[in-house]
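Structure, as structure tokens:
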Amino acid sequence: MISIQAIVGCALVLSGLCVENVASRSWRVGVGADRLDARAALALGLPALGLALMAALLA
């Protein structure tokens, strides 16, 4: 049985990858490519948070 912790962790990782995909499209066009914006922080932070959540023991 899959735990809620694993589902939420996977959802965070996948949402981070989707944010990265959207952000990379705008960066290729040249919109805001020279600065760190919220999309870049989310693209790095969401997968890291999801992996940490899946690795933690919350039983």
### Message
Using a Förster radius of 25 Å, what is the FRET efficiency between Cys18 and Ala56 based on their Cβ-Cβ separation? Nearest 0.05, please.
### Response
0.60
#### Entry: Val8, Val19, reordered so the largest accessible area comes first (probe 1.4 Å)
Val8, Val19
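The values are calculated or read from the model by the stated rules, or taken from the named source; none is laboratory data. Since the structure is predicted, the reported quantities are computational estimates derived from the model, not experimental observations. All Cβ positions, even for glycine, are placed from backbone atoms using ideal geometry, and neighbour counts span all protein chains on display. To get the accessible areas, we keep the full protein, side chains included, count just its heavy atoms, and leave off ligands, DNA and RNA. Shrake-Rupley method; radii C 1.70, N 1.55, O 1.52, S 1.80 Å.
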